[in-house]
Every structure is written in C-alpha cells, then in structure tokens.
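Heads up, the thing below is written out as structure tokens.
The values are calculated or read from the model by the stated rules, or taken from the named source; none is laboratory data. Please read all numbers here as calculations on a predicted model, not as lab measurements. Note that we place each Cβ from the backbone using ideal geometry, even for glycine, and neighbour counts take in every protein chain shown. Side chains included, ligands, DNA and RNA excluded: accessible areas come from the protein's heavy atoms. Shrake-Rupley method; radii C 1.70, N 1.55, O 1.52, S 1.80 Å.
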Amino acid sequence: MRHTLPIAPQFYVTAPQPCPYLEGRMERKLFTALQGESAQKLNDTLSKQGFRRSQNVLYRPSCADCAACLSARIDVGKFAITRGQKKTLNRNKHLKRKATSPWATEDQYDLFRNYLEDRHAEGGMADMDAFEFAAMVEETPIRTRVVEYTDRDTDDLIAVCLTDVIEDGVSMVYSFYQPDKTRQSLGTYVILDHIAIAQEAGLPYVYLGYWVPGSPKMGYKASFSGLEVFADGEWQEMTDPAEHDSRSHPISNDSIIEQVANISLPDGTPLRPQSNTGPKS
C-alpha cells in the first residue's frame with residue numbers, strides 16, 4: 001500500500017515596494033496560496049496568526065526593516081459602545097443590511113470607483129477595472145459574503161463590505177462606501193454592524209485587517225474597545241494605542257526562515273524545518 005504525506009503549503013515573499021501607510025518605508029509580504037479542499041481550514045488557522053486573505057492568497061507583512069503593521073481584531077465580548085458610536089448608529093438608522101453570495105455588480109463597482117477616487121486616488125487599487133473588481137469579490141475558495149447597505153427610502157447603495165466567515169469570527173476583507181457622506185461615519189458604522197453580525201452568529205471576534213501606528217488612514221480602528229493586536233507571535237489586548245509606535249528596528253525582526261518555522265498548520269503542526277533538511281547559509 002502506498003502512503004502519501006500531506007503537502008504543506010509553500011510560502012513566498014514579495015519584492016519590496018513603497019509602503020502605502022508610512023512614508024519613506026518599504027513593504028514586503030509573506031504569502032501562500034489558498035486552494036484545495038483544506039482552504040477553509042488553512043484560512044481559519046492562519047487568520048488566527050495575523051494573516052489576511054486577498055482572493056486566493058493569504059498574506060502577512062514581512063518587512064525587512066519595519067514591524068509597524070499589526071493585525072487587529074475586536075473581542076466582541078469585551079466591546080462596549082461609546083456615546084459617539086451610538087450617535088453613528090442613530091445617524092444610519094435609515095440603512096438596511098443585506099448579505100449575499102460573493103457576486104460583483106455594476107452598482108458595487110460604481111461605488112467602489114467613487115470611493116477610491118476620493119479616498120485612495122494614489123493607492124495600489126486605483127487602476128482596478130471592472131474585471132479585476134469582479135475577481136476581488138468572486139474569487140474566493142472559502143465562505144464569503146458581500147454585505148450591502150442600502151437606503152431604505154431610495155434603495156441607493158451606500159456601503160459594501162466583502163466579508164469572510166471564519167471559525168472564530170467574521171473577517172472584514174475590504175469595505176467601501178459613499179465618500180461624500182462624511183457626517184455618517186460610514187466606515188465606523190460598517191464595523192459596528194459587523195460586531196452585531198458576530199453577536200447574532202455567536203462568533204467571538206471581528207477581524208479588521210491591519211492597524212498601523214502613525215498612519216492617519218488606520219487611526220480610527222484604535223477607537224474600538226475590546227481591540228486586540230497580533231504582536232510578537234500572540235494576540236494582545238490593546239490598552240493604550242500610544243504604547244505602540246511605528247517600529248523600525250531591523251535587528252529585532254525575525255528572518256523569513258524563522259517566521260515560516262513559527263507558523264502552525266490546521267493540524268497544529270508547526271512548519272519548523274528539520275535540522276538535516278533546513279536551508280544552508
């Protein structure tokens with residue numbers, strides 16, 4: 001009888017490119033393909049280790065001389081809404097939520113383009129066409145939903161969030177909204193509603209993506225109570241955002257080999273290379 005061993009996922013590193021969050025720094029990502037029958041389990045497991053999904057790829061920052069980006073999630077059980085967040089909910093009472101299968105529409109793409117042109121005109125997604133947008137939404141090997149928010153009176157599409165449902169929570173892959181409605185604080189509202197979604201489903205966490213100290217684009221994430229960040233290989237409660245700086249200490253960063261070796265697979269097995277087969281210097 002022939003026995004076959006499970007094939008461990010292969011990890012790769014992107015070439016350095018300018019960081020979109022901190023001026024003057026370069027970003028690099030560690031990534032692996034998300035495919036096959038074990039895609040959902042792999043996504044569940046690596047999400048708990050600070051990875052994020054983009055289509056059929058899982059990635060995590062792996063910059064050579066910076067460790068500023070921190071994966072963030074909200075512990076729903078520890079979340080306590082603030083007075084300002086209650087006002088945000090009240091300002092958006094006219095919106096209704098609808099969760100659908102991951103299928104791209106023209107209305108979504110039009111809203112997406114308006115959002116990018118107003119908020120991220122110089123970003124890496126600025127040139128994304130309708131076909132690439134459809135791929136972002138539809139190319140998913142796991143349980144994904146498109147959560148739409150429309151005006152109850154006009155039925156206009158106001159906000160959209162591409163959301164993954166994972167083992168221990170909901171993961172907000174990408175959200176966008178009408179950029180001219182600044183008073184409604186739509187970005188905050190969508191997060192608040194995802195906290196409600198997690199509560200309704202009995203899931204403990206809402207994964208927000210990355211929080212970057214020193215980046216104005218990411219500052220709003222630190223305003224949510226119950227926030228945790230993945231730092232030094234574990235989830236840590238965010239006590240004071242000021243305690244986290246935009247670290248740039250190349251000597252303190254683990255090498256790529258060390259980073260991969262400390263990743264655990266769905267069966268709990270770490271990817272530590274054996275001493276007789278590890279890469280040679």
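In table form, for the structure just shown:
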{"read-out": "Only one of Ala135, Ala196, Ala130 that is among the aliphatic types (A, V, I, L, M) and in contact (Cβ under 8 Å) with a residue 40 or more places away in the chain", "value": "Ala135"}
{"read-out": "Test: Pro61 is closer than 28 Å to Ile195 by Cα and modelled with pLDDT under 95", "value": "yes"}
{"read-out": "Wholly enclosed helices (runs of 4 or more DSSP H) of the stretch 82-188 bearing at least 3 residues open to solvent by 80 Å² or more (accessible area, probe 1.4 Å)", "value": "83-91, 106-119"}
{"read-out": "Residue count for the stretch 27-44, restricted to those that are open to solvent by 30 Å² or more (accessible area, probe 1.4 Å) and not in a strand (DSSP E or B)", "value": "7"}
{"read-out": "Condition broken by Phe230, with the remaining ones in (1) touching a helix residue (DSSP H, G or I) at 6+ places or on another chain (Cβ under 8 Å); (2) at pLDDT 70 or above; (3) of a type outside the set (Ser, Thr, Tyr) satisfied", "value": "(1)"}
